[in-house]
1. In chain B, what percent of the accessible surface is made up of carbon and sulfur (1.4 Å probe, ligands and nucleic acids excluded)?
2. Give the average over all directions of the projected area of the C-alpha convex hull of the range A:61-233, one decimal, in nm².
3. For peptide A:449-461, compute the average count of partner chain beta-carbon atoms within 10 Å of each residue's beta-carbon.
4. Compare B:Ala207, B:Ala103, B:Ala55 in a GNM of chain B, Cα atoms joined below 10 Å, and give the one with the largest fluctuation.
5. 5 Å is the cut-off here: which amide hydrogens, built 1.01 Å from N in the peptide plane, fall below it relative to B:Ile39, excluding neighbours closer than 5 in sequence?
6. Rounded to the nearest 5, what % of the DSSP beta bridges within chain B are antiparallel ones?
7. Can you give the log10 of the normalised intensity I(q)/I(0) at q = 0.14, 0.15 Å⁻¹, computed with Debye over equal Cα scatterers of the range A:198-310?
8. Give, in nm to one decimal, the length gained when the segment between B:Gln64 and B:Arg33 is fully stretched (0.36 nm per residue of separation minus the Cα-Cα distance).
Amino acid sequence: MSAAVIRTQLSGIGRRPGRLVLTGLSVLVACFLVFGAFLARDIAVRATADALSTTPMATDVVLSVRGGTLFSAEQLARVRATPGVAEAVGRVESTVRLRGVQRSHLTVVSDPGSGPLSRIRLVSGAYPAGHGEVAVDSRTAGRLSVSAGSRIALESGEVRVTGVVDAPADPGERAYTPDFVAAALGGTEYPRIDIRAASPVAARQLTSGLSQVVDPGQTVPMSIRSGAAARAAEVKDAARQMDRVFELIAMFVVVSVGAAALVATATFRIVFAQRMRQLALLRAVGAQPGQLVRALLVEGAVVGLVAGVAGVVAAQGAGYLAVVVARSAGTALPMPDVPVGAGIGVVIGAVLLTVAAVTAPAFGAAKAAPLQAFRTSSTLSAESRIGAYRLVLGLVLGVAAVGSVAVLVGSWPSTEPDGDSGLALLALAAMATFGALIALGPVVVRPVLAAVSWPLRRFSTVGSLATGGVGAAPRRAAGVSVVVALGVALIVATIVGTSGMTAYLDAKLAMRAPADLIASGSDAGVDAAQVAALRGDPALVDVTAFRTAEVPIGSMSGLAVDLDPAALPVLRSLLEAPRPGEVVLAQWAADSLGVGVGSRASLGPLSLTVRAVLTADGPFASAALLSPTDLDRLGASAPVVLANARGSGETGLITARDAVRRLVPGTDVSLLADARTQATGQVAGLLAVALGLLGLTVLIAVVGVGTTTALSVHERTGEIGLLRALGLSRGGVRTMIASEAGLYGAIGAALGLVLGVPFAWLAVSALDLGVPLTLPLGQLLVVVAALVVIAAAAGLLPAWRAARVSPVAALATE
Amino acid sequence: MVFAVEARALVKVYGKGDAGVRALDGVSVGFERGGFTAIMGPSGSGKSSLLHCLAGLDAVTSGQVLVGGVDITALSDRELTGVRRDRIGFVFQAFNLLPQLTAARNITLPLDLAGRRADRELMAGVVEVLGLADRLDHRPAELSGGQQQRVALARALVARPEVVFADEPTGNLDSRSGLEVLRFLRTSVRSFGQTVVMVTHDPEAAACADRAVLVADGRIVADLPNPSADQLRSLRPPAGAR
Ligand SMILES: Nc1ncnc2c1ncn2[C@@H]1O[C@H](COP(=O)(O)OP(=O)(O)OP(=O)(O)O)[C@@H](O)[C@H]1O
Ligand SMILES: [Mg+2]
């Protein structure tokens, strides 16, 4: 009997392959993501190892020291003289300070300049050959405004630039020169020697015999490796760094897999509901519920197997395709491996996931009363009531969520709980909330639908038909909207968190780097005439001078500045200039003086009214911001000038800097802009990556919207035919179905918004960094609108199919 | 004479080539304005096919269908949809109503789709006569089969169509509910001047009509004015003959 039941079910799959595709689609996409991430990691590790490798392919033997002693020039010479050695270069990277410019330095890298062991290529001029000569890469040439023939002033003398080279994209300002020059400049010797052998045989002999040559007394602990081994070690290192990135990606992939399971559950529920008559008929002729459950689980396993294999194969294909595309675009990437074991693992995972997803719907369907064979399927998903068990579960989870949030908020504002435990509590609360949402979904969906569909219902008949279509099956709407809500909540939380973080970092950076550049002038500072000249220069804007003074802050001492915040755009909104007799204090200064806003603070000889207290430090880590008159009384330093570049980008900065140098002879100029662009770039980059990864969850959710809509169209052929018979145009049908899909998205987006924002705020508060709570309404509305549009787009295919339903379909009696 | 609906040399073939079924084989028939016509015939004779073609629900193979003098076989899908919405009313054997709309919304649906307002007096009159006044806020699942069919009738009438087509409207009803529906169809013809074309198997039902058209093998074989049930029963082929 069981076999017979399974056979009927499976033959059902065979006759309706479309349903197999729909039920398996989310699992397929999930497998694609998992296996794709696996392949991407593999490709990325090998590609970065290639790109970052400091060991050229031609290197046969690598000698490196272990511990403090370095190889001497004399040892290097001995290696060169060893028979079988075609070429040997000392590898050293030393850092030298540039004269004048604050805290900037030049990294001098040893390189032979040509031949197989070189990592660079000469672009112009000549490669350095003797002491005091270097070549720079083109970026450094621009930064330092040097070219072949010019000189770079170091703290310890001077070097001559002989040429410009193309070098691997390494950070910082870099110069390249032969090993002995690099060692001399850095006052150091060689931690490593790379050797090219005359022949493969020689290479093998060298590996065993070299230590005797280099160090007969065996006083230097060293390692001798083949070039291949050295590169393998680099790959491993790259992999370790990559893995940190991929651990993060894996977290997001896991969330998407969870979303896929939810979508699969929802889809199976719909499919089983549509087959309720058939299942009820099986019950009526004597099939036991257990037999039905088993049959449906087998069906789930088959779907999982097919989807898993398809997902893995598709990912492998996409991997090849991506590499081919990247190569034709000029990026050299290695072809992906074919990791059979991992593929099989993913397929097994897919089967288990699908069977887990199908379990609840299977038990639900197996309870079909034989009588239901005589009911229509459309009345089944119309139930918005949920079972007592589910209701209790949802309420318990809801209470747990509220409870953990209450505990968290109750512990504020204590200084002692570390952010981590707070965040863990919050993560628990978020999971409980989501669980509650899944359990209570069908109940929640109706009011949310009523709210989000208002404009649709108000203004168009087709819109109210769409609303009716979604509302007629609240369980179904809940199943898919909850997944959309998951994706939206994560995205919304990320955006809210990042926007708070950006505001916080902006404020911090504005204090640390309030302008693009700072010039200290000669010993007497920048005089008034020079400031006027700077103000008149077309390369500069926002030129302002300020002075500093040391002030006693209680038992400590701090920096006071008379910077005018109104003169600099980034400070204008953050600070108000103190009037004479007033002071703006940094938090720590206010704390140690025991004063607050409005009270009086004594700073050395001054007694001032506290105008404001900053959440962190003042500009340039100052403790107090004063008016110029008050600063005079503290004995102000020589004036220093801040200015912004008028032009944008690197060129604007360089032009501005050169203008300052020209107008204020002998001055130091520091580019503060560097720090700023770097930090803001990082935040923007992180946000982009996070949103990209969260897009995976949204992708699964959208698949869910598409399949749900497709199944709903299939089930409502009669209804659509009736509407066509009554005069709804094809376009009207399309609009109706796409609107239904859009409504699933809208419900999810609304739920996600309502959950995401408070949780983001809680998380930001739990971190307790002084990050402000922001509500980036514009961005959030864009997210919601984009989601509704994407969801509606997912409904286009089913909508197009629905429009082809003939009006005669309404007359077909079953 | 101008007919509300007229078929000229109508041919309908399902499928292609040898496997094709010639469901209508050159049917020419006209339906007068304000007339109540019953179409009868053995199962598979082409009654439903005729109705679908007349109502612009299905494409014809050849021939013409004129609704209010306009040939609808030449219209695009968009225009045809408009004709169905504005000039034709339907009552089907089953699945007549949208489950998610209330009875009232179901009744006004074609008007809503057209962006027109219902004629309040007509609506009130129709609802009154059909005894639906206290059922307007119910959804179809909360109505009996007879009530559902009466809602469908109300929907067909409030849009004031050129013609109402009904395919076995009493097929799913018990004899009492069926009789109510028939009586109402009659009333609508008498008091609102509505044109009605109804397919039925039931000679009693057909006897309510002004005229009976008999179809067999895709052709019209008889056309009887003011038929009586006995007359129709005698014309019916013995059971199982087909
Ligand atoms: N969609 C279709 N495809 C193919 N053949 C069809 C189709 N619809 C009807 N037919 C065939 O056309 C012929 C006429 O069918 P039709 O439905 O018009 O008969 P009917 O008179 O309404 O029968 P009944 O009284 O049983 O409803 C039949 O032979 C039928 O098999
Ligand atoms: Mg029929």
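The values are calculated or read from the model by the stated rules, or taken from the named source; none is laboratory data. As the structure is a computational prediction, the values presented were derived from the model and not from experiment. In this analysis, Cβ positions are derived from the backbone assuming ideal geometry, glycine residues included, and neighbour counts consider all displayed protein chains. Just so you know, the surface numbers come from the protein's heavy atoms only, side chains and all, with ligands and any DNA or RNA stripped out. Shrake-Rupley method; radii C 1.70, N 1.55, O 1.52, S 1.80 Å.
1. 48 percent
2. Answer in nm², one decimal: 10.3.
3. Counting other chains' Cβ atoms within 10 Å and averaging over A:449-461 gives 1.
4. Highest fluctuation among the options: B:Ala207.
5. B:Met198, B:Val199, B:Thr200, B:Val213
6. 60 percent
7. Those come out to -0.83, -0.88, one per q.
8. 9.3 nm
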